[in-house]
Amino acid sequence: MTTHRTAYHSLQDFIKVLEKENELVRIKNFVSPKLEIAEITDRILKKNGPALLFENNGTAFPLLINAFGSEKRMCLALGVDNLDQIGKEIENLFKSFSKLPDSFLEKLKLLPLLRDMNAWFPKVVIKGKALCQQNILHSPDLSKLPILTCWPEDGGPFITLPVVHTKDAITGIRNVGMYRMQVFSDNETGMHWHLHKGSAKHYEHYKKLGKKMPVSVILGGDPVYTYVATAPLPDNLDEYIFAGYLRKKKVELVKCITNDLEVPADADFVIEGYVDPSEEKILEGPFGDHTGYYSLADYYPKFHVTCITHRNDAVYPATIVGIPPQEDAWIGKATERIFLTPIRMTMLPEIVDMHMPIEGVFHNIAILSIKKEYPGHAQKVMNCLWGAGQMMFNKFMIVVDEHVDVNDYNKIAESILKNVNVNSDLHFSQGPLDVLDHSASSFAFGSKMGIDATRKLSEEIFNKDNQTEFFIQDEKLKKQFSEIKDINKNLSEKEIPILLISFDKIKKNHAYDLHESIVKSMMIEGVKFIFYFDSNIDIFDLKDIVWRIGNNTDPKRDSFLSNQTVGIDATRKTKQYDGFERQWPNIIVSDDETIKNVDEKWNELGLGEFIQSPSLKYKNQLYNGGAVAE
């Protein structure tokens with residue numbers, strides 16, 4: 001039924017495979033975990049470089065980073081040839097149980113499948129000391145680990161790949177999630193679980209009961225453990241059942257030393273402790289986050305460390321996040337490919353394919369192709385997905401017909417040109433947003449835009465788009481509107497009806513007023529979308545433009561329609577010009593001193609040809625004020 005996959009027993013085990021596949025470089029010279037490792041990693045991963053093992057970091061433990069930073073390494077971590085393989089296996093599994101067997105022989109055919117399923121369920125190991133408990137530190141000291149300070153405005157060092165274990169106080173159901181942990185002392189960290197997450201719900205139950213909440217965190221072990229902690233599973237599905245399925249071997253668990261939680265016996269590190277809901281929360285952050293912006297300081301529970309255990313050959317795993325692309329892009333791509341099948345099999349069989357661009361930082365932007373069968377079909381898909389798990393955080397959803405390749409942006413644009421009437425084919429909704437979304441007027445709540453780029457049936461045509469000509473007089477626009485800095489009409493030259501404009505925002509509702517004036521100027525025709533950006537943005541870098549649109553807009557608030565042309569304000573929002581009451585974060589770049597230090601030691605690191613810091617590209621896009629833009 002399935003291909004054989006090898007379960008890894010430690011990060012050392014995975015490292016051996018990476019080396020065999022020429023996917024890892026060992027760095028033997030000293031590199032500091034404070035800012036320098038992050039800067040080196042950012043350079044390497046943006047050039048599609050290898051995993052890095054920093055063997056000399058000031059601690060007794062080597063540090064592995066960028067281990068998931070390519071499609072090949074993500075496949076190696078999951079033990080597959082390609083990321084679609086698991087989805088196909090899940091589809092076969094669904095089909096095996098979709099029809100109950102009628103005959104005795106058909107029932108016998110299911111026995112091997114049932115045996116395989118039994119092998120996926122985790123098992124608690126009773127006898128002997130587990131590998132993860134070969135060394136027990138009853139006086140825990142987190143400073144012994146090479147914990148990264150990633151970016152200059154971070155609130156401190158953060159554990160960035162923690163696999164966090166909790167149990168519901170009422171049901172006893174386990175949750176395994178990934179929540180960053182800021183280190184405050186040798187035995188205290190923050191626990192940054194968002195209000196939508198499983199462990200946050202467990203915390204509320206313990207709070208109502210007036211009890212301390214046991215928490216245990218693992219680092220390392222089979223890379224599958226790290227992946228399943230990020231996977232968008234249903235609340236009541238044990239992540240270690242899914243891990244057992246992925247690795248084709250059950251996860252063996254061991255009881256912790258100082259609490260009653262169970263963790264994988266072959267983990268590299270275990271950090272045990274508790275959260276006391278009766279305590280006041282602690283100010284945590286800022287942190288350079290996966291959005292490419294700092295997530296700003298806020299109050300979260302404090303985690304008290306009671307014990308640290310580790311293997312003899314322990315390796316400390318870490319990652320950095322920031323301006324895309326980053327290592328987490330491939331974790332997200334794996335999730336896209338794996339979970340497309342359950343979505344099709346249980347909710348939306350009409351979906352042909354799905355693509356979530358890296359620049360959309362997981363969920364901001366989604367493109368779907370469907371087998372359209374009736375009027376309103378695209379809207380049905382939009383509404384269903386906006387109510388499904390982490391897809392509730394999606395802000396822009398484009399739906400195209402089944403023959404359109406969702407990875408071909410030219411074909412997507414062609415569908416928009418041919419099939420979208422901006423008066424009737426843009427659909428707005430509102431609901432939960434990611435806690436990290438900084439652009440919505442309200443915390444974790446805002447709007448979504450759906451673009452129906454499918455062919456229209458007769459019932460869906462309410463008014464015709466009569467635009468026939470297509471032209472943009474960009475030089476005349478610049479002369480008439482002095483606030484315009486630049487115009488990118490390259491897309492329109494490819495018959496893509498999109499125009500990009502950067503301008504100096506100097507008054508209230510400036511983007512709206514500029515859009516109205518441009519449309520009325522008779523200097524453009526046939527343009528369906530105009531996106532407006534701040535004057536310090538490079539509007540000729542299309543990947544960065546997509547990243548900015550996803551991050552800087554609340555689709556309903558920031559969209560305005562004028563004479564069949566939609567304007568979208570993707571500028572930074574301020575109180576002065578936009579009445580925006582929330583703090584706006586800065587983008588994430590390295591500081592000059594760290595860049596200089598890494599430049600000077602580059603030739604000693606064995607990383608090949610010199611790579612310039614990616615941060616230099618963004619220096620002129622920073623605002624004053626540190627993590628919070630002034």
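Considering region 388-419 alone, what residues qualify as being touching a strand residue (DSSP E or B) at 6+ places or on another chain (Cβ under 6 Å) and among the polar types (S, T, N, Q)?
Answer for region 388-419, where residues must be touching a strand residue (DSSP E or B) at 6+ places or on another chain (Cβ under 6 Å) and among the polar types (S, T, N, Q): 394, 407, 415.
Determine which member of the set 67, 60, 38 is within 25 Å of residue 607 (Cβ to Cβ), modelled with pLDDT of 95 or more, part of a loop (DSSP other than H, G, I, E, B) and under 20 Å from the mean Cα position of the chain (by Cα).
67
Among the residues of region 8-23, is there at least one that is of a type in the set (Ser, Thr, Tyr) and either assigned to a strand (DSSP E or B) or under 19 Å from the mean Cα position of the chain (by Cα) (or both)?
No, every residue in region 8-23 fails to be of a type in the set (Ser, Thr, Tyr) and either assigned to a strand (DSSP E or B) or under 19 Å from the mean Cα position of the chain (by Cα) (or both).
Is region 371-387 home to any residue that is touching a strand residue (DSSP E or B) at 6+ places or on another chain (Cβ under 9 Å) and among the aromatic types (Phe, Trp, Tyr)?
There is at least one residue in region 371-387 that is touching a strand residue (DSSP E or B) at 6+ places or on another chain (Cβ under 9 Å) and among the aromatic types (Phe, Trp, Tyr).
With (1) over 17 Å from residue 276 (Cα atoms); (2) under 25 Å from the mean Cα position of the chain (by Cα) as the list, and residue 216 as the residue in question, which single condition is left unmet?
Among (1) over 17 Å from residue 276 (Cα atoms); (2) under 25 Å from the mean Cα position of the chain (by Cα), residue 216 violates only (1).
If I go through region 585-630 residue by residue, how many of them are in a loop (DSSP other than H, G, I, E, B), charged (D, E, K, R) and closer than 14 Å to residue 152 by Cα?
So the count comes out to 1.
Give me the residue from region 340-391 that is polar (S, T, N, Q) and at pLDDT below 90 and, out of that set, nearest to the chain's Cα centre (by Cα).
My answer is 390.
Is region 570-577 home to any residue that is within 30 Å of residue 421 (Cβ to Cβ), modelled with pLDDT of 95 or more, touching a strand residue (DSSP E or B) at 6+ places or on another chain (Cβ under 9 Å) and not assigned by TED's automatic domain parsing to the domain that holds residue 422?
Yes, region 570-577 has at least one match.
Out of region 356-386, which residues are in contact (Cβ under 8 Å) with a residue 40 or more places away in the chain and not in a helix (DSSP H, G or I)?
357, 361, 362, 363, 364, 365, 367, 370, 372, 374, 375, 376
So which of 297, 243, 265 is more than 16 Å from residue 121 (Cα to Cα), in contact (Cβ under 8 Å) with a residue 12 or more places away in the chain and among the small types (Gly, Ala, Ser)?
That would be 297, the only listed residue that is more than 16 Å from residue 121 (Cα to Cα), in contact (Cβ under 8 Å) with a residue 12 or more places away in the chain and among the small types (Gly, Ala, Ser).
Does residue 535 qualify as being surrounded by fewer than 23 Cβ atoms within 10 Å (Cβ to Cβ), in the same structural domain as residue 497 (by TED's automatic domain parsing), more than 29 Å from residue 421 (Cα to Cα) and more than 23 Å from the chain's Cα centre (by Cα)?
Considered against the rule, which asks whether it is surrounded by fewer than 23 Cβ atoms within 10 Å (Cβ to Cβ), in the same structural domain as residue 497 (by TED's automatic domain parsing), more than 29 Å from residue 421 (Cα to Cα) and more than 23 Å from the chain's Cα centre (by Cα), residue 535 comes out as yes.
Scan region 447-467 and tell me whether some residue there is within 30 Å of residue 298 (Cα to Cα), among the basic types (Lys, Arg) and either surrounded by fewer than 16 Cβ atoms within 10 Å (Cβ to Cβ) or in contact with a Pro (Cβ under 7 Å, 6 or more places away or on another chain) (or both).
yes
Looking only at region 489-522, which residues are touching a strand residue (DSSP E or B) at 6+ places or on another chain (Cβ under 7 Å) and hydrophobic (A, V, I, L, M, F, W, C)?
Within region 489-522, 491, 498, 499, 500, 501, 503, 511, 514, 518, 519 meet the criteria.
Of the residues 559, 615, only one is within 29 Å of residue 50 (Cβ to Cβ), of a type in the set (Gly, Ala, Ser) and modelled with pLDDT of 95 or more; which?
After ruling out the rest, the residue left standing is 615.
Tell me which strands (runs of 3 or more DSSP E) are completely within region 274-317 and hold 2 or more residues being of a type in the set (A, V, I, L, M) and surrounded by fewer than 23 Cβ atoms within 10 Å (Cβ to Cβ), or say none if there are none.
The qualifying strands (runs of 3 or more DSSP E) are 282-284.
Of the residues that make up region 503-514, is at least one under 29 Å from the mean Cα position of the chain (by Cα), modelled with pLDDT of 95 or more and assigned to a strand (DSSP E or B)?
no
Every residue in region 590-612 that is within 30 Å of residue 550 (Cα to Cα), in contact (Cβ under 8 Å) with a residue 40 or more places away in the chain and not small (Gly, Ala, Ser), please.
Passing the criteria: 591, 594, 595, 611, 612.
Which one of these does residue 41 not meet: (1) within 29 Å of residue 595 (Cβ to Cβ); (2) touching a residue at least 60 places away in the same chain (Cβ under 8 Å); (3) surrounded by fewer than 19 Cβ atoms within 10 Å (Cβ to Cβ); (4) not aromatic (Phe, Trp, Tyr)?
(3)
The values are calculated or read from the model by the stated rules, or taken from the named source; none is laboratory data. The shown structure was predicted, so the numbers you read here are calculated from the model rather than taken from an experiment. Here the Cβ is made from the backbone with ideal geometry for all residues, glycine too, and neighbour counts use every protein chain on show.
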